[in-house]
Amino acid sequence: MNKETPKKVPFMKTPVLYPVLFMVVLSLFLTGSLATLNYITGPQIAQQKALKEQRAILELLQQSLGDDLVPSDVSKIPPDKVQSLYASYVEKRYSNSIKSDYYVGVKEGSPIGYVFIVNGKGLWGTMTGLIGIDPSGSRLLGLTFLNHQETPGLGGRIEEPWFKAQFRGLAIPTADGDAIVYRTAGVGNVDAITGATLTSNAVSTMYNDAINEVKRVMKEGLE
Amino acid sequence: MKAGTKKIFLSGLWEDNPVFRQVLGICSSLAVTNLMLNSLVMGLGLVFVTAFSSFTISLLRKYTPRHIRMMVQTLIISVFVIIVDIFLKAYVPTVSAALGPYVGLIITNCIIMGRCEAFAQNNPPVPAFLDGIASGLGYTAVLLFIAFFRELLGFGSVFGIQILGDNWVNWTLMIMPPGAFFMLGTMIWITNSRFPVKSQMAKGGQAK
């Protein structure tokens, strides 16, 4: 048998070696660049997240603090002012009974409101928000959303001012029962969002559960 | 070069428009067009990703083995989409929150892969970059056109500015998926029957 000398395959046409090497090098380069970008923008993103949270807390405490201390349209306050207002009037504490952080609005040494973090299941993913309770535990200061994945334009409308404003001053029932009830046939205290029933229900379930938890904790003590 | 550029843009915006001629990128055309602002940002994000992905893939085209080229394209496209996502989260968080999951979905938009396969693989980097921009702009124009009607009829507003008064009863159907299908279908029908391009006429398409 005449053994042919094997034809020399150019490196770039090798069936396995070159493609694998190409992918490895390309992947390393690209993921390295992304990791670097992520690292560089990390602090900026964390700062945006913290700012959003501080702004939301101030929004809930604004009416109790008063228009002279905090402007009524919290969304228009510039970032550095948000930070200084937050530093002056909000304290972050840890509660062992609910096993999480919570926030206290403090004016002239005494608490004017409590803000708790609320988590729940939305239609498309986890929803995170804040709920404000007045110091006596009998009324809601309001509620707001930090994170959700609801449909933009439909469920996403829960972030609109008119929807959130409905919950300001809502009474917390002393007996058992839901604090938030959507209006149907004359009964109820707030309006749901037209065309976003599931999201609206997710919101009411989440916050009603949170309110019941808060009721229990305010009675037993936050420490 | 000028004639080439003009041809690229004419093709991307009208003759070979990715949405109503090639019927690509339909999922996002249906999903984000309920609001004009979402459509605009989505469109701009897509222009960026398509242009830079095409550019990069074109740069690598002589070194990329044929049988793994799709893996390479997907890898490069996803890198640019993540760059857009990080950029929005860091510097324009309100828009990032409004677009949320849709930014990640840009990776799945067939327009980008379509242009990379059809154009970037076989053309030099700068024309590929321009082709990416042209296809992206063609997509954005279609999105804005559909969103204009959906937002106006469904919310009574344009870019968030209320146009129709309180007497207008919102056509909620327009901002839900069926409304999207109706608008998109109508648009594809009108553009292809009223304004067919040469390739469609040669195939025996109805030309009025």
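The values are calculated or read from the model by the stated rules, or taken from the named source; none is laboratory data. These figures come from a predicted structure and were not determined experimentally. Note that each Cβ is placed from the backbone with ideal geometry, even for glycine, and that neighbours are counted across all protein chains shown. These accessible areas exclude ligands, DNA and RNA; they are computed on the full protein's heavy atoms, side chains included. Shrake-Rupley method; radii C 1.70, N 1.55, O 1.52, S 1.80 Å.
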Coil-residue trypsin sites (Lys or Arg not before Pro) of region B:31-66, DSSP, other Cβ within 10 Å capped at 10: B:LYS62
Reference-scaled alpha-carbon Rg (2.2 N^0.38 Å with N residues) for chain B: 1.08
Per-residue HN-Hα couplings for region A:134-150 [Karplus 6.51, -1.76, 1.60; θ = phi - 60°; Hz; x = Gly/Pro]: 6, x, 7, x, 9, 9, 7, 7, x, 9, 8, 10, 9, 8, 7, 10, 6
Per-selection Kirkwood Rh - region B:5-54 (Cα, Å, 1 d.p.): 11.8
Contour minus Cα-Cα distance for B:VAL197 and B:ALA118 (0.36 nm per residue): 26.5 nm
Region B:48-112 versus region B:123-186: alpha-carbon centroid distance in Å: 22
Under 15 Å, Cβ to Cβ, from A:LEU26 - net charge with Lys/Arg +1 and Asp/Glu -1: +3
Computed label-point distance, nm, for sites A:LEU198 and B:TYR91 using a 7 Å Cα→Cβ extension: 3.6
Under 5 Å, built H, 5+ apart or other chain: amide partners of A:LEU130: A:VAL118, A:THR144, A:PHE145, A:LEU146
Accessible area in square angstrom per residue, region A:144-188, 1.4 angstrom probe: 51
Principal-axis tilt of helix B:36-60 within chain B, Cα atoms, nearest 10 degrees: 0
Inter-site label distance for A:MET23 and B:TRP14 at 7 Å from Cα along Cβ, in nm: 4.4
Mean separation of Cα contacts under 8 Å, 6 or more apart, over the residue count of chain B: relative contact order %: 33
Cβ-derived FRET efficiency at R0 56 Å, A:ALA50 paired with B:ASN167, nearest 0.05: 0.80
Structure-based [θ]222 nm, chain B - -39500 (n - 2.57) summed over DSSP H runs of at least 4, per residue, nearest 500: -21000 deg cm²/dmol
Entries in A:LYS92/A:LYS121; B:LYS6/B:LYS89; B:LYS62/B:LYS89; A:LYS81/B:LYS89; A:LYS76/A:LYS215 that, when Cα-Cα distance is taken, lie over 28 Å: B:LYS6/B:LYS89; B:LYS62/B:LYS89; A:LYS76/A:LYS215
Cα→Cβ-extended label distance, 7 Å offset, between A:ASP68 and B:VAL158, nm: 4.6
Chain pair B, A: total accessible area buried, heavy atoms, 1.4 Å probe, Å²: 2100
Longest site-free stretch - chain B; sites: chymotrypsin sites (Phe, Trp or Tyr not before Pro), DSSP loop, at most 14 other Cβ within 10 Å: B:64-158
Semi-axis lengths (Å, descending) of the ellipsoid that matches the C-alpha gyration tensor of region A:89-183: 24, 17, 14
Helical segments meeting 20 Å axial Cα length and Kyte-Doolittle -1.0 threshold in chain A (DSSP H): A:17-65, A:197-220
Three semi-axes of the equivalent ellipsoid, chain A, Cα gyration tensor, whole Å, largest first: 51, 23, 17
Average Cα contact separation per residue, chain A, under 8 Å, 6 or more apart, as relative contact order %: 14
Within a Gaussian network of chain B (alpha carbon springs, distance under 10 Å), most fluctuating of B:ASN38, B:ASN123, B:ASN170: B:ASN170
Size descriptor, Kirkwood hydrodynamic radius, that averages inverse alpha-carbon separations across region A:154-213, Å: 12.0
Cα-centred dipole magnitude for the protein assembly as shown, charges only on beta-carbon of K, R (+1) and D, E (-1), debye, nearest 20: 2360
